[in-house]
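Okay, structure first, notes after.
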Amino acid sequence: MESCRHTGERQFQRSEYLRFRHLEYHGGKRRRFDAAFFQSRFTWRTMEKNGLVAQRIGSQSWRTNFRARRKAHFASPGRRSRIRFGALALRIPVCQRRSATRKNRRRLPGGTPRNSSAFIWNAPIRHPKSRQRLLLCFRRKSREVFAKETVGVVCRQTIDLRLQESVPMRILQLIDSLDAGGAERVAVNFANSLVGKVAFSALATTRKEGVLKSEVASGVGYVFLEKSGKLGLKACRRLKRYCESEKITHIHAHGTSFFTALMVKLMASDIKLIWHNHNGRSQAIKGLRLQLMRFASKRFSGILSVNEKLDRWAIDNLCCRTTAYLANFVAEPQETQIPNDLNGQAGKRILCVANLRTPKGHMTLLRAMEEIARLGWTLHLVGKDSQDGYSEEIKAFIGERNLGNVIYLYGARQDASAFVSACDICVLSSDAEGLPLALLEYGIRSKPVVVTAVGEIPNMIRNGENGFVVPAGNPKEFAQALQKLIQDEELRATFGKAFQKTVIDKFSETVVIDRYLKWLKDL
């Protein structure tokens, strides 16, 4: 095993390190810092050679007044360049480097994780116009101090490894409602799965309760904020009091609930705010709305996205330094009973679980069913009916084409998983998606699928291997894919088993939650 040594007796094994951060400094008038993560070997001898001085400022209670202590300094004889960098102070002797003018000083993005407890710096000192590297390595649970005189340097080299130890995570999931939707179900799944894995798991809903409330586990703390109006200041204060009483350390805001979480963050700055973006149409956000989201993102500790495109959008358009792609997950399937009101003939049912909203592209599916209605199969639509113009358009289409005995609407159902188990082919015809949770429900129950190529779906479904993927808004190709599955029962079984294996390997609860907790610890 590779290791890092200093000039004394202490040896650090590479396995002890938490992570490395690489920062490159560009001299000259235009100065900028680029951050990327990597792993490398370096020694205390290199630090001694370059005469680095790194020391801790503030006391162990630096967290309480973080803003007053989050300046770090690159100091040259007679002058200082101030750079924000967590709660650390850096001083590097740069006797031959030209001093920077005040207007050219640049703040360093990033910062040190509050839950880390050790650090090691290495900073080669070169010509002012050449690059200067800073290598930072964090190691946990260390309370050692090393001090060594550096030859040929004015300052003494000091490495202070005493940082605040990690505190137990107490995480609150925040969502606007508990209606039967994808983001709502993800919030409930996270709250339930974290019970026993963190010190405390809670769920808060801002505006409305719903059918998913009954699925909240008994070990999950629950609060309904009864938010009304645009700002909902009373609800924000109610949430702040709840966070203080339960000592919440992280608020995980799903979808549009980030605004309520942001208000609490402004009132209680110690809480870490994570925003989870489920909206597959975020890339279309422009103008004032984008500006407001950019302003809000400055307060986010991290952003999670349900697909890689949304993650790239967050990096390019928002101001949060820590972003990640985290897949949705699905719990292990449980035994269910066939719903009493399920229509159609057994063995000839097609199911679509999606709320009646424009991005779900129901009209593509209805036109495809019109072409295969003669085959005797029926379509079952499960999802919230908002009783709006889009819903009326769907109902009018069914009535005009005399498809009332072929297409059935059930509205929002708490037993949606029972419908999945009772049907034979499952579909999604969305025009825009993130990572649909309904698709994972299909896969965990080994159902063959026909889906559209939007969002993260093409990365889950390999066309012709574990399902059929067709272009969005193309009823003809959708109908052809359905006919292939209808006519080949063996192909349906093959696709179902292959898709189930994909979901278990990549989107199971254990895999995603472990990745999520590791990401939180590194914030």
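Brief remarks follow.
- When you count the other C-beta atoms within 10 angstrom of each residue and take the mean per peptide, 493-501, 399-407, 506-514 line up highest first as 493-501, 506-514, 399-407.
- For region 302-348 versus region 247-301, the gap between their alpha-carbon centres in whole angstrom: 19
- Protection proxy ranking, peptides 213-220, 273-280, average beta carbon neighbours within 10 Å, highest first: 273-280, 213-220
- Hull-based mean projected area of region 349-506, where the convex hull spans the alpha carbons, in square nanometres: 8.2
- Using alpha carbons only: equivalent-ellipsoid semi-axes of region 338-388, gyration tensor based, whole Å: 20, 16, 7
- Note on region 437-487: percent of Cα-Cα distances in each 5 Å bin, starting at 0 and stopping at the bin with the largest distance, equals 5, 20, 32, 28, 14, 2.
- When all alpha carbon pairs of region 194-267 are counted in 5 Å bins from zero, the resulting P(r) reads 3, 15, 28, 25, 19, 8, 1, 0 %.
- As a calculated quantity, the FRET efficiency between Asn402 and Arg281 at R0 = 35 Å, using C-beta atoms, amounts to about 0.55.
- Relative contact order, percent, region 458-523 [alpha-carbon distance under 8 Å, six or more residues apart]: 28
- Shape descriptor for region 277-375: Rg over Rh equals 1.14 (Cα atoms; Rh from the Kirkwood inverse mean 1/r).
Any read-out appearing in this document is the output of simple, stated calculations on the displayed coordinates, not a laboratory observation. All figures in this text were calculated on a predicted structure; none of them were measured in a lab. Neighbour counts run over all protein chains shown; Cβ positions are idealised from the backbone, glycine included.
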